[in-house]
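Student: I am attaching a structure below and will ask some questions about it afterwards.
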Amino acid sequence: MGICAIPALNTASAFSAGKTNFAIKYNQETIQYKTFGIYVLPGERVDIEITEASSNGSYGFLASAGNTMRKGNNKWQWQVPGEKGDYTLIITDPSSIDSMILNVFVMVPYDRIDGEYLNGYRIGTYPDKPLRNLEIYERPEGFVEVTEDNQNTYIAPHFQLRQFLCKQNGDFPKYLVLRERLLLKLEIVLEKANNAGYECETFHVMSGYRTPYYNEMLKDVRYSRHIYGGAADIFIDIDPEDGMMDDLNEDGKINLADADVLYDIIDDMYGKPWYELYVGGLGKYGCTECHGPFVHIDARGFRARW
């Protein structure tokens, strides 16, 4: 899939989608953003290639650590350092100053969990078998270590690592799981929301990653997409920024009708050929004593509604 696969949206003037004029292919994902996060294991070999070029020249590839091998014209293989940590890959367009920065998080492997804990942080227990033997419900290969120093790192043009932390109590370091496709989908939805006239630089992520321990405390379903890093509960919170969904339908109330507005913006993209990769779950929720209205979104690979 090249950069023309997702049609450009006529966004509000204050909003920038943060896209490059070229695209790369990484691990079955096509990425076209100036800043993006990827999650790898120690020592892994990562293949990256330019899939849609804006020039005929040779693109630049710079890694802050690890070994790089050129595999062909605008194709590289990068060997990840052998220890957990944060690294940077920079890909540059030879015909302009345009570049892409990949913020790379070398994860702590899953087998480092001791009982239910990883370095003192309670993870809990993942199901032994994936739901219906689906790959998306296999236990994660590793966990991103989040510290006070890296929590503000951008993992997409409009989203930071800290927005997806589990809400359970605990000191740093904390740990989470994230799927690149969820962030790609969130960026598309954010652009669409701005195109619809709801000017916002990001979504409020009420719930991103959840540890199985925390998910069980909430009494949510055992195979929640949140524990696999593939779901987010979101709302628009700009005017005023108060931790509550904005009055999107301007009826003077904050209720399920405002979640309907965001729900419909997302649902309108379903059925479009360019959106097939991002098909997933979509649900809307009204107010309770604990929270305001919000929309659940995930990229499970098949359609689900509630």
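The values are calculated or read from the model by the stated rules, or taken from the named source; none is laboratory data. No experiment lies behind these values; they were computed from the predicted model shown. A quick note on method: Cβ atoms are made from the backbone with ideal geometry, for glycine too, and the neighbour counts reach across all protein chains shown.
Student: What about Tyr275, is it part of a helix (DSSP H, G or I) and surrounded by fewer than 21 Cβ atoms within 10 Å (Cβ to Cβ)? Don't jump to the end; show me each part of the working.
Tutor: Values: part of a helix (DSSP H, G or I): yes; surrounded by fewer than 21 Cβ atoms within 10 Å (Cβ to Cβ): yes.
Taking the combined requirement at face value, the residue satisfies it.
Student: While we're here: Of the residues that make up the range 200-214, is at least one in contact with a helix residue (DSSP H, G or I) (Cβ under 9 Å, 6 or more places away or on another chain), of a type in the set (Lys, Arg) and crowded, with 20+ Cβ neighbours inside 10 Å? Talk me through it step by step, then tell me what you get.
Tutor: Within the range 200-214, the subset in contact with a helix residue (DSSP H, G or I) (Cβ under 9 Å, 6 or more places away or on another chain) is 200-205, 207-212, 214.
Then keep just the ones that are of a type in the set (Lys, Arg); that gives 210.
Then drop every residue that is not crowded, with 20+ Cβ neighbours inside 10 Å, which leaves 210.
Within the range 200-214, one or more residues are in contact with a helix residue (DSSP H, G or I) (Cβ under 9 Å, 6 or more places away or on another chain), of a type in the set (Lys, Arg) and crowded, with 20+ Cβ neighbours inside 10 Å.
Student: Related question: Could you go through the range 140-153 and let me know if any residue there is closer than 26 Å to Ile265 by Cα, of a type in the set (Asp, Glu) and outside any loop (DSSP other than H, G, I, E, B).
Tutor: no
Student: Scan the range 278-298 for residues that are farther than 14 Å from Asp233 by Cβ and crowded, with 17+ Cβ neighbours inside 10 Å and jot them down.
Tutor: Tyr278, Val279
Student: Next question. Out of (1) free of Cβ contacts under 8 Å to residues at least 24 places away in the same chain; (2) assigned to a strand (DSSP E or B), what's the single condition that is false for Thr88?
Tutor: (1)
Student: So which residues in the range 104-125 are surrounded by 20 or more Cβ atoms within 10 Å (Cβ to Cβ) and either under 15 Å from the mean Cα position of the chain (by Cα) or closer than 25 Å to Tyr26 by Cβ (or both), if there are any at all?
Tutor: Within the range 104-125, Val104, Phe105, Val106, Met107, Val108 qualify.
Student: In the range 34-44, is there at least one residue being outside any loop (DSSP other than H, G, I, E, B), farther than 14 Å from Val104 by Cα and at pLDDT 95 or above?
Tutor: Looking for residues that are outside any loop (DSSP other than H, G, I, E, B), farther than 14 Å from Val104 by Cα and at pLDDT 95 or above, one finds none in the range 34-44, hence no.
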